[in-house]
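The block underneath contains the structure these notes are about, expressed in structure tokens.
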Amino acid sequence: MNVSIRLLIAALLLTASACSKSVKETTTIDGNKVTLEQKGDKATMEIKSKTGEKVSLNVSDKGMAPVTELPKDLPVYPKAVLKVDNAAGGMRMLGFYTPDSVADGVKFYTEELKKQGWTIAASLGMGEGHMFSIEKDKRSGQIMITRDGKDTYLQVTLSAKD
């Protein structure tokens with residue numbers, strides 16, 4: 001997708017997050033069908049391309065229901081609240097928040113990934129954050145753990161290897 005669509009998406013999400021009523025809008029941009037729905041604190045955006053590719057983004061300030069279709073061997077931090085769910089093609093990105101520390105997140109993922117048979121291909125500490133690059137079978141992913149205000153943000157991305 002081109003940059004103009006990405007900018008539109010960001011603008012639509014900001015607009016939706018500022019609204020207090022329910023809104024559903026659909027438009028076509030460069031042949032791509034873009035649908036934005038906002039209910040309370042949750043905003044959902046879906047793009048269907050001319051070629052049939054589908055991209056979805058769900059955000060919620062208060063949190064969403066746990067994701068059930070993730071692989072059972074991909075650890076999810078306990079008590080973390082899911083606030084971002086983005087899917088595009090064979091990629092899935094989830095954003096969780098927890099009041100626990102970055103160090104707690106790093107310890108959890110270091111231990112649990114190994115228990116579940118994942119290979120940690122790279123592990124890099126970055127100031128108040130940490131990033132893992134992971135691999136297993138025909139899948140790869142990244143886990144980023146960083147402070148976000150008073151909370152810790154855990155971003156888990158998983159995709160099929162090329």
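The values are calculated or read from the model by the stated rules, or taken from the named source; none is laboratory data. Quick caveat, the model's predicted, so the values are computed rather than measured. Ideal geometry is used to build each Cβ from the backbone, glycine not excepted, and the neighbour counts take in all protein chains shown.
Is it true that V106 is modelled with pLDDT of 90 or more and either surrounded by 17 or more Cβ atoms within 10 Å (Cβ to Cβ) or touching a helix residue (DSSP H, G or I) at 6+ places or on another chain (Cβ under 7 Å) (or both)?
Yes, satisfied.
Any idea which residue in the range 46-59 is surrounded by the fewest Cβ atoms within 10 Å (Cβ to Cβ), counting only those that are of a type in the set (S, T, N, Q) and part of a loop (DSSP other than H, G, I, E, B)?
T51
Which residues, taken from the range 65-83, are under 16 Å from D151 (Cβ atoms) and without any contact (Cβ under 8 Å) to a residue 40 or more places away in the chain?
Scanning the range 65-83 gives P78, K79, V81, L82, K83.
Residue by residue through the range 64-86, note down the ones that are surrounded by 14 or more Cβ atoms within 10 Å (Cβ to Cβ) and at pLDDT below 85.
Those that are surrounded by 14 or more Cβ atoms within 10 Å (Cβ to Cβ) and at pLDDT below 85: M64, V67, L70.
Provide a single number: the residues in the range 133-160 that are surrounded by 11 or more Cβ atoms within 10 Å (Cβ to Cβ) and farther than 16 Å from T98 by Cβ.
Residues meeting the conditions: 13.
Among the strands (runs of 3 or more DSSP E) confined wholly to the range 60-162, which include 2 or more residues that are within 26 Å of A43 (Cβ to Cβ) and not assigned by TED's automatic domain parsing to the domain that holds E46?
Where strands (runs of 3 or more DSSP E) fall fully within the range 60-162 and carry at least 2 residues being within 26 Å of A43 (Cβ to Cβ) and not assigned by TED's automatic domain parsing to the domain that holds E46, they are 81-88, 91-98, 139-148, 151-160.
Would it be correct to say that K24 is crowded, with 18+ Cβ neighbours inside 10 Å and among the basic types (K, R)?
In short, no.
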